Amino acid sequence: MRSEASEGTALGADVCVVGGGPGGRALALALTRLGCDVVLLEKRDPARGGAPAFRGESVSPDGVRLLDGLGVWERLRKAAHRVDRLEIEDAGRRVLDVWFADFPYRYRHPVELAQPTLLAALAEPAGPLPGTCTVLEPATAVGLLVEGPAVTGVRASTPTGTVRVSAALTVGADGRYSAVRRLSGLAEHARQLPLERDVVWLKLPFPAEWDRRAYRVRIAGDSHGLFLPSTDGTVRVGLNIPKGGLRALRAGGLGQLHARIGRLAPEAAEAARDGLRSWSETALLDIFTTELPRWSAPGVVLIGDAAHTLSPVLGQGVNHALADAVTLAPLVAEALGRDRRAHGRALLEALQHFQRRREPDVGRSRALQLRQERMFTLTAPAATALRRTVYRALDASPALRRRVLAPAYFPGQRPVAPQQQQDAASEAAPV
């Protein structure tokens with residue numbers, strides 16, 4: 001349910017979740033399914049247009065599995081767009097063509113899913129739940145409540161006044177620039193690694209000759225672009241530029257941007273000239289990764305990008321946020337029950353156990369992303385020839401493809417026999 005706050009409002013809950021993106025909403029749903037009472041704070045105002053246009057839409061096969069486990073996939077299936085393959089072209093030649101149906105898992109296909117649709121499904125469970133979720137939006141966390149060494153809740157600013165939310169656990173699900181991370185002191189030892197590029201995101205009309213069920217990566221020298229089908233019938237384009245290079249790109253005018261798209265994907269050149277008419281139709285994403293030695297402290301924990309910011313390669317952000325939520329919820333629910341006798345020790349142990357369980361998967365995804373980032377930026381002729389050789393070797397070997405791509409797309413699944421495979425996205429809507 002939603003609630004309006006007045007000046008000095010005080011609320012109480014088992015858990016206060018700061019951030020209403022996929023991770024925060026999934027955690028709130030998972031906790032209420034387990035009987036916990038939750039207050040969720042979301043700073044975006046739904047009356048002012050909701051989520052920005054360039055939020056992550058890619059959900060991996062493992063993300064589909066997690067949504068199915070949360071009981072929302074059947075309501076999302078018709079709104080999702082199934083992706084069948086991943087292709088990479090380098091210097092105008094296809095060097096890798098991966099078909100997801102070839103992998104031996106129960107959930108095999110990634111999907112594209114508009115984030116507002118995903119958030120709505122996570123926010124509206126199909127039936128009554130044993131726990132409750134009170135949503136305040138817009139509401140911005142401006143401080144933490146503290147007793148001794150422990151965080152005991154959040155102080156939030158809303159249009160109608162300040163709200164104090166007391167909770168046994170505060171969760172920072174508030175993204176790559178997390179306020180909870182900063183306010184809790186967990187950011188003090190963060191290691192932020194800026195990568196060598198930023199990404200300019202935009203949308204274009206979908207080229208008529210392209211397969212609408214494919215992810216495309218196009219590489220030309222040290223430039224590359226991601227071309228992803230969107231649920232609104234367009235193609236989302238992510239173009240790499242040198243770190244801090246937006247001003248130089250804009251100085252060349254839109255024609256330079258059109259030309260860059262045309263060099264990478266000649267099929268999209270006309271769509272770029274006709275469909276991209278203003279810089280206001282683009283968005284810049286500053287690319288960096290963040291590693292924290294500790295994701296939690298007494299009474300507070302971070303999930304998703306707040307705990308482990310990743311790059312956009314292979315669309316890992318949404319999936320790791322969902323995995324964090326589904327992993328954390330049962331640990332917290334059990335610990336809250338035990339802490340009536342353990343005086344807070346059980347919750348602290350649960351938060352540490354959560355990090356130990358999730359860190360290996362996050363680390364594997366980060367390592368894969370960083371390898372790909374380095375591959376994309378190679379420029380010397382011998383190095384680019386080696387890159388193409390690596391991709392062709394991957395293309396030729398099913399075992400190698402599984403070894404390299406399974407940690408990104410299927411980290412929570414074990415191989416199954418063909419008769420046990422379930423094409424969970426088989427009815428996902430065409431675009």
Test: residue in region 292-303 that is within 15 Å of Leu204 (Cα to Cα) and either in contact with a strand residue (DSSP E or B) (Cβ under 6 Å, 6 or more places away or on another chain) or free of Cβ contacts under 8 Å to residues at least 60 places away in the same chain (or both): no
Test set (1) modelled with pLDDT of 95 or more; (2) surrounded by fewer than 17 Cβ atoms within 10 Å (Cβ to Cβ) - Leu193 fails condition number: (1)
In region 360-378, the residues that are touching a residue at least 40 places away in the same chain (Cβ under 8 Å), open to solvent by 20 Å² or more (accessible area, probe 1.4 Å) and under 17 Å from the mean Cα position of the chain (by Cα): Asp361, Arg364, Arg366, Leu370
Hits in region 145-173 - residues which are at positive phi and touching a Leu at 6+ places or on another chain (Cβ under 9 Å): Gly153
Flag if Ala141 is among the small types (Gly, Ala, Ser) and part of a strand (DSSP E or B): yes
Criterion violated by Gly221 - all others in (1) within 30 Å of Gly344 (Cβ to Cβ); (2) open to solvent by 20 Å² or more (accessible area, probe 1.4 Å) satisfied: (1)
Selection status of Arg236, of a type in the set (Lys, Arg), open to solvent by less than 40 Å² (accessible area, probe 1.4 Å) and in contact with a strand residue (DSSP E or B) (Cβ under 8 Å, 6 or more places away or on another chain): yes
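The values are calculated or read from the model by the stated rules, or taken from the named source; none is laboratory data. None of these values were measured; they are calculated from a predicted model. Cβ: placed from backbone, ideal geometry, glycine included. Neighbour counts: every protein chain shown. Side chains included, ligands, DNA and RNA excluded: accessible areas come from the protein's heavy atoms. Shrake-Rupley method; radii C 1.70, N 1.55, O 1.52, S 1.80 Å.
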